[in-house]
């Protein structure tokens, strides 16, 4: 699958967007949204929806096609989530690990200072 985001037809088709980006613009979590290609297609869809007595906020009133996608299914989100899991696993990133590391550096620095200081006495 192509991972490059695309906009076709002067803003009629939005493809490969992260769902939260599409939500900010259109109010739906989706990776693909296509508006009607012309008024004829829109009129046909609206007539069908009127016959089905669909509610006004049904997305089919606005878009000819939409591919829903939860934000956790977005490839970028998944990469960031995986990176944050790996970050949390590093022992020296935790507060106790940082304290231990600081103590070790201080002790080693003190020993080096003590040894060097003895040589100059």
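Can you give the FRET efficiency for residue 73 and residue 98, using 1/(1 + (r/R0)^6), R0 = 30 Å, r = Cβ-Cβ distance, to the nearest 0.05? Kindly include the intermediate steps, with their values, before the conclusion.
Numbers: r = 35 Å, r/R0 = 1.16.
Once rounded, the FRET efficiency stands at 0.30.
Report the extension gain between residue 51 and residue 108 in nm, rounded to one decimal, defined as 0.36 nm multiplied by the number of residues separating them, less their alpha carbon distance. Could you put the intermediate results ahead of the total?
Working: separation 57, 0.36 × 57 = 20.52 nm, distance 8.06 nm.
Roughly 12.5 nm would be gained on extension.
List 96, 22 from most exposed to least, where exposure is judged by having the fewest other Cβ atoms within 10 Å.
On the way: 96 9, 22 22.
So the residues, fewest neighbours to most, are 96, 22.
Where a number appears in this text, it was derived from the coordinates with a stated rule and is not lab data. Only a predicted model underlies this, so the values are computations on that prediction, with no experimental measurement involved. Neighbour counts run over all protein chains shown; Cβ positions are idealised from the backbone, glycine included.
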